[in-house]
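Below is one structure, written out as structure tokens; comments come after it.
The values are calculated or read from the model by the stated rules, or taken from the named source; none is laboratory data. Here the structure is a predicted model, which means the values were calculated and not measured. Cβ placement follows ideal geometry from the backbone for every residue including glycine, while neighbour counts extend to all protein chains displayed. With ligands, DNA and RNA removed, areas are computed over all heavy atoms of the protein, side chains included. Shrake-Rupley method; radii C 1.70, N 1.55, O 1.52, S 1.80 Å.
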Amino acid sequence: MDLSALGICAATSSCIVTQVAAGLISGFLLFLVAAGLTLIFGVLGFVNFMHGSFYMLGAYFAYAAYAATGSYTAAVIAGAAGVGALGAALETSVVRRIYHADVLLQILVCYAFILIFDDLVGIVWGDEFLSMGMPSAFKRAPILLFGGVIPPFYLFLVGIALAIAIGIALLMQKTRYGKIVRALADKPGMVAALGINTQLVYASLFALGAMLAGSAGALAAPVRSMTAGMGFAILIESFIVTVIGGMGSIAGALVAALMIGLVRSFGSIGFPLFTEGLIFVIMIAVLVVRPQGLFGRQVREL
Amino acid sequence: MRGHLQISNLTKSFGGLNAIRDVTMALEPGVRAAVIGPNGAGKTTLFNMITGHLSPTAGSIRLDEGELIGLRPGAIVRRGISRAFQVASLFGTFTVREAMAAAVLSHRQRLFDLIGAFPAPAAFEHARHILSLIGLSDVEKSRCDTLSHGDRKLLDIALALALEPRILLLDEPTAGMGRDESRLMIDRIYRLWEAEGMSLVFIEHDMDIVFGIAEQVFVLRNGALLASGEPAEVRRHPQVIEAYLGSAT
Amino acid sequence: MNGSVSRRSVIAAGVSVGMSGLAPGVFRQAHAESRPIKVGLTSIFSGRVAQLGITTKNGLLLEFEAFNAAGGVGGRTIELVDRDSKGKPEDAARLTRELIESEGCDIIFCGEASGSAFAAHEVARSSRALLMHVISETTQLTADAKLRSWNSFRSARQALHDSIVGGAFAAKIAKEQGLTRWATIAADYAYGREATPEFMGYVESNGAKVELVAESWPKLFQPDYTDSITKILQSRPQALFCGLWGGDLVSFIDQGNLFGLFDNVRVFAIHLADYTTLMSVKQLPAAGAFSSNRYVSVFPSRSENASWSEAYNKRFGSKPTNWSWEACVGARFVIDAIRRTNSAEPAKLAEAIKGMQVAAPVGMRDGKTVMRSEDQTIVDYALGWGRIVPNDPYLVDVQPADWSEVLRLETDWKRRVGFG
Amino acid sequence: MKGTLKEVAVVVTIIAGAVIFSGLVESGSVRDSIIRLCGVGLFALSLNLLVGYTGLLSFGHAMFFGLGAYTFAILLRTTGFGIPLAAACSIALSGAVAAVVGAICVRLTHVYFAFLTLAIQMLFYSLLIACSGLTGGEQGLIGGIPRPKFLGVDLMQPGEYFVFNIAIFVAAAWALWRIVRSPFGAALRMIRDNPQRAVFLGVDVYRTKLAAFVLASAFAAIAGMLTALYVSGAYPNFAFWTMSGEGLFMIMLGGVNGFAGPVVGAGLLLLLDTVVNAYTAHRGLFLGLAILVTSLGLRKGVVDFVRDASDGRFASERTGGRSKERASGAQSGLHEAAIQQSNTEGV
């Protein structure tokens, strides 16, 4: 515990700017992954334990595309689209058969896919860690703001993540698709009765969730060393975000992800050894006081 | 004989909407009473408050002068009020007599016994007695999730009966049954009443049944008590005729 | 659940108990002098540090293949059996035992990081097999007399040695360049927690003025170091000690560059000078980076070293790692002992290995490295610190360790912490 | 009474068999595999008391496995306690901690319960790493666990150590067997099948679930102790969520509806792991495919599958068709129970 350091930090603008920026950066990346998870979870009721693998595959697809084309834009598109397509394929071939199966079976199937994807990545790209390298457009000096340091690449990441967040919010709130999805979450039977192809909606939603994770992996690829199994850490964090924010709530995921990002960045100064613990304490507190999460809908009455 | 239920000024609102408003009613021990009223009148909500699953916004529910409001459902069961459900609520993987034995043990507060064997012969005997009373002896080895609709409803009542209640609440005992089946059901309920002598409160839509066996009828509409009294009295009540009977029969 | 079902369940359980117990036994082979010498390896072959296990295994294979090609000893060749512990101590312990007892391996190479190495060490202590630690660099493993046993050796470098040499090296540069504000970063586990204070201690004891302005302890295999980086940035250090390795180190440098962390900070990163790491880092720290020689083919600059590196490259299509040479040295001790004693008997081998000198690519005593008999760990291996440059040969201006000085300070240290 | 005698006879026979077995089989690795199965098998059995019998999907069960292992190891290393006393203390401590944790957790249902247990377990894991002075932190409790003689038993002797493991496992499994067959076990199944109805029948759902949680945790602690003795140490992995996950995996593999299912699942997993590990470098690929085939193909645990298949055959001769309904009822029982549970919350 070094609360004096935290006090000193809080008193200097450079520290506040840098730490807030750092918190937002990790928070936004986490949000992208968690947003997909919370959608799949909240609407399809599917505990997608292989979501971390989507993130990993996004990074590897991006790596391959970047190596082939040298274009970061192409890399991100390849990561997002590739994983989105994989998600659609998985949904139609396997996942849709187990929506109504017991949670244990869902987890077991996901676990099998985690093992398979990790091994395949090792076979295709080798077991050594890979590093994609920073696109030249972002190889420039960090921006100084009130004495704080912000890398331009992270500014870009935050911008893109924010744009995606707004995009999903609009998709869910303003479009017919969004209305159908929200209705599906409430009363699946009713929607089917209206003659809407619910299977198509489910598949597209699963693909969308996968795509979000894939795009997060692809976007972050320049600053992560890639290895098989890299999706594991982000999986757990995404679940924490989903639980704290509330299943199915995009806004909740955003708030929770940013909260975790900020706890991390300020925690590393004030209480480096208990940052992890504090995040779990927050999760426990939320579950005890408000099990449905900060932004989740009330647990059904009667 | 104990088992006097007194409900006073009971009110329940859900977000500004009054599901039950200012209901006052009394039940003498051993009475057969029917609660009637159109859908949404608040009948099941009333049951839920008596059994402690909803807490009223205002009012009181007393059983032999003891206040029930604020007690947990389990405590109310132990005071002697048990219920059966509109849709039979059973234990899918239990056989009929296992479920009955479990209910008997629950009533005797023996479920925290970690060492004894289940089901113990003593619990069995009582379970069998009730099963024969209600006419389920021939299916006692079947699993609950394989029973016919009628048998499920009967078992649901039998489970409630295993608690040796002073007041038994039945939520539409004949729901989903054909005419003959309904008659059989009512017949069995009546025989139970004769044998056990508890108070019987049931929600029912079939007026023939209501006026056939109820000694006392309560009419609810929009959460308020519209009328109450002996069947003949209620039948003559002008507002009841207008509001309920007029359309239902 | 009726009676017959429960009986079936019990029988099923019994069958499964029997099966899982017997399966390894089925593959058991009897010992005979004409049989190959079975040698076991447990290491991490999956997950984030799969590279550790793979390059360790390669280092061993290169030696065993040469041994077998030369006809072995008395017609007996070496057969390597490897198992993936996934880095879990309980699995390392179990697999070590399984290799000894069911695979019949009398010689075990332990390619495990610190936690698992201690677990395997415990198993070896109560067995009659020979154990060679080829990866764990944690000083305590061999320094702590309570942990020693007759059959356990280490052919890996020792964190303390790196700290002694690195501390002196860093102190010299710090004095020259006037670096006084230091920050540290290392993963939060046994090795990191041990190496960091040791290194900083030796910087100070070599006469440099040290003001420790920030310490950061990220988790092992953490994907995102932003919080550590900004914390270090806040403290405005002039020099940074970095105990991270592998992909963690690469991520840290990649992410640090974005913040311009290294624009004014000299980095002393023990684990940077390893080919796989060097080749993955796309942009080296700008203000200067220094590293211990993990493995580079130019230090020691002897033909044996260069040719070994080439042979490895030819066989496996990649450059050797620090782990590869550690495995290679371990294998050479064992092979030499087998040749000398003309047996694979652990007790005889152990006796032979104590104090043995073997020729090694990284040998520093006339091309040899020595298994010190007192604590059964190696000394006189290639040890030095130098400056990192972006291309081959990657590590330049290497200051080799003065081994007599290292050993003197090591003895002092042991006395100080009570291991002496 | 007669049933009890029969059970005692089975228990005694198994232990006697173990004694003879250990005399006949010299192979250390066969013994080792069985000893290991005793530890993880008991862990899976204890978890199934919650998952299979009570319908509580715990993702934090490894916390008590770890707590038992650490407490036991620390007591043996730092105090002069003998094995029985150290074991009793760590069971008591695990039970006490479980009472507190359970009091918080069993209020929640379904996935919320799973997440809360997971979070508390991870907090415990963080503490385990942080309190390195006591626990050895990340590298665990190394340096061996003493095995002092007690009541004439010398666990340094491989034969006695083997029989000791079998005896503890069988005794614990028998105790669990009695518990699930007792009135208390019936109460657990009532809660699993239909918690709402259980409340109306006067079952104190909260207290019953809490008691199940404490009991399961105490048995997990015993499993942790056996495993700690086996690997001569205690490691943070013991209390990591992956350990809980593996337990669930074993249950799923073996099946939730038979008492011995989890042990079969544990054995299958160990066997699969050993074989795959020995024959291929692509462990993930093979293990993953094996799991996919079993889970998607059978859609239930192996024991459940075998049992339902054979029940189906006999039953269809007798009653025709009904058995299918029954089997699917058993299969989805857990899921239904979970849904019903989540619904009760707001009632």
| said: Among the residues that make up the range C:71-85, is at least one of them modelled with pLDDT under 85, aliphatic (A, V, I, L, M) and within 27 Å of the chain's Cα centre (by Cα)? | reply: no
| field | Test: B:Ala41 is assigned to a strand (DSSP E or B) and either modelled with pLDDT under 85 or aliphatic (A, V, I, L, M) (or both) | value | no
| query | Restricting attention to the range A:182-192, does a residue exist that is closer than 24 Å to A:Ser71 by Cα, of a type in the set (Gly, Ala, Ser) and either out of contact with any Asp or Glu (no Cβ under 6 Å at 6 or more places or on another chain) or modelled with pLDDT under 85 (or both)? | reply | no
| query | Taking only pairs six or more apart or across chains, which ones have beta-carbon atoms under 8 Å, a first residue in the range C:312-341 that is closer than 16 Å to C:Ile54 by Cβ, and a second residue that is of a type in the set (Lys, Arg) and open to solvent by 50 Å² or more (accessible area, probe 1.4 Å)? | reply | C:Tyr312/C:Lys319; C:Asn313/C:Lys319; C:Ala327/C:Lys57
| query | Pairs under 9 Å by beta carbon, first residue more than 8 Å from chain A (Cβ to nearest Cβ) in the range D:241-252, partner β-branched (Val, Ile, Thr) and open to solvent by less than 20 Å² (accessible area, probe 1.4 Å), six or more apart or different chains? | reply | D:Ser244/D:Thr117; D:Glu246/D:Val40; D:Gly247/D:Val40; D:Gly247/D:Val51; D:Met250/D:Val40; D:Met250/D:Val263; D:Met250/D:Val264
| task | Might you let me know whether the range C:149-167 holds any residue that is more than 16 Å from the chain's Cα centre (by Cα), crowded, with 20+ Cβ neighbours inside 10 Å and either acidic (Asp, Glu) or within 13 Å of another protein chain (Cβ to nearest Cβ) (or both)? | result | no
| Matching helices (runs of 4 or more DSSP H) fully within the range A:13-120 where at least 3 residues are open to solvent by less than 40 Å² (accessible area, probe 1.4 Å) and more than 25 Å from A:Ile168 (Cβ to Cβ) | A:13-39
| note | For the range D:165-200 the number of residues that are outside any helix (DSSP H, G or I) and more than 9 Å from chain B (Cβ to nearest Cβ) is 0
| said: Between C:Lys348, C:Lys319, which is assigned to a loop (DSSP other than H, G, I, E, B) and basic (Lys, Arg)? | reply: C:Lys319
| request: Enumerate the strands (runs of 3 or more DSSP E) found wholly within the range C:372-420, keeping only those where 2 or more residues are within 19 Å of C:Ala360 (Cβ to Cβ) and touching a residue at least 24 places away in the same chain (Cβ under 8 Å). | output: C:377-379, C:395-400
| said: Looking at C:Gly178, C:Gly192, can you tell me which residue is more than 14 Å from chain A (Cβ to nearest Cβ) and either out of contact with any His (no Cβ under 7 Å at 6 or more places or on another chain) or open to solvent by less than 10 Å² (accessible area, probe 1.4 Å) (or both)? | reply: C:Gly178
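This table checks each residue for (1) under 28 Å from D:Arg107 (Cβ atoms); (2) part of a loop (DSSP other than H, G, I, E, B); (3) touching a Pro at 6+ places or on another chain (Cβ under 7 Å); (4) open to solvent by 10 Å² or more (accessible area, probe 1.4 Å).
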site: D:Val214; (1), (2), (3), (4): yes, no, no, yes
site: D:Ala218; (1), (2), (3), (4): yes, no, no, yes
site: D:Gly224; (1), (2), (3), (4): yes, no, no, no
site: D:Leu229; (1), (2), (3), (4): no, no, no, no
site: D:Met252; (1), (2), (3), (4): yes, no, no, yes
site: D:Leu269; (1), (2), (3), (4): no, no, no, yes
| remark: So the strands (runs of 3 or more DSSP E) completely within the range B:138-224 holding 3 or more residues that are more than 17 Å from B:Glu98 (Cα to Cα) and open to solvent by 10 Å² or more (accessible area, probe 1.4 Å) are none
| Selection status of D:Gly333, within 25 Å of D:Ala114 (Cα to Cα), part of a helix (DSSP H, G or I), within 23 Å of the chain's Cα centre (by Cα) and at pLDDT 85 or above | no
| Which one of these does B:Gly70 not meet: (1) assigned to a helix (DSSP H, G or I); (2) at pLDDT 85 or above? | (1)
| request: From the list D:Val40, D:Val11, D:Val30, pick out the single residue that is in a helix (DSSP H, G or I), touching a residue at least 40 places away in the same chain (Cβ under 8 Å) and closer than 30 Å to D:Gly143 by Cα. | output: D:Val40
| Restricting the range B:97-118 to residues that are in a loop (DSSP other than H, G, I, E, B) and more than 7 Å from every other protein chain (Cβ to nearest Cβ), the residue that is surrounded by the fewest Cβ atoms within 10 Å (Cβ to Cβ) | B:Gln109
| Taking the range C:224-264 as the search range and keeping residues that are at the interface with chain A (Cβ under 9 Å from one of its Cβ atoms) and within 20 Å of the chain's Cα centre (by Cα), which one is nearest to C:Lys175 (Cα to Cα)? | C:Leu249
| said: A:Gly167 - would you say it is open to solvent by 10 Å² or more (accessible area, probe 1.4 Å) and away from chain C (no Cβ under 14 Å)? | reply: yes
| said: Yes or no: the range C:7-30 includes at least one residue that is more than 9 Å from chain D (Cβ to nearest Cβ), modelled with pLDDT under 90 and touching a Phe, Trp or Tyr at 6+ places or on another chain (Cβ under 8 Å). | reply: no
| message | Yes or no: the range C:216-223 includes at least one residue that is away from chain A (no Cβ under 14 Å) and among the charged types (D, E, K, R). | response | no
| query | Listed residues A:Gly267, A:Gly214, A:Gly229, A:Gly293; which is more than 9 Å from every other protein chain (Cβ to nearest Cβ) and either under 24 Å from C:Gly247 (Cα atoms) or surrounded by fewer than 24 Cβ atoms within 10 Å (Cβ to Cβ) (or both)? | reply | A:Gly214
| note | A:Leu205: passes all of (1) assigned to a loop (DSSP other than H, G, I, E, B); (2) in contact with a Leu (Cβ under 7 Å, 6 or more places away or on another chain) but (1)
| said: For the range A:90-106, check the following and say yes or no: at least one residue is within 21 Å of the chain's Cα centre (by Cα), modelled with pLDDT of 90 or more and away from every other protein chain (no Cβ under 13 Å). | reply: yes
| message | So, in the range D:179-207, how many residues would count as being in contact (Cβ under 8 Å) with a residue 24 or more places away in the chain and within 19 Å of the chain's Cα centre (by Cα)? | response | 7
| Do you know which residues across the range C:369-410 are open to solvent by 70 Å² or more (accessible area, probe 1.4 Å) and assigned by TED's automatic domain parsing to the domain that holds C:Ala170? | C:Arg387, C:Pro390, C:Asn391, C:Asp392, C:Asp397, C:Gln399, C:Pro400, C:Asp402, C:Ser404, C:Glu405, C:Arg408
| task | From (1) open to solvent by 10 Å² or more (accessible area, probe 1.4 Å); (2) touching a residue at least 60 places away in the same chain (Cβ under 8 Å); (3) among the aliphatic types (A, V, I, L, M); (4) within 14 Å of chain D (Cβ to nearest Cβ), pick out the condition that doesn't hold for A:Ala5. | result | (4)
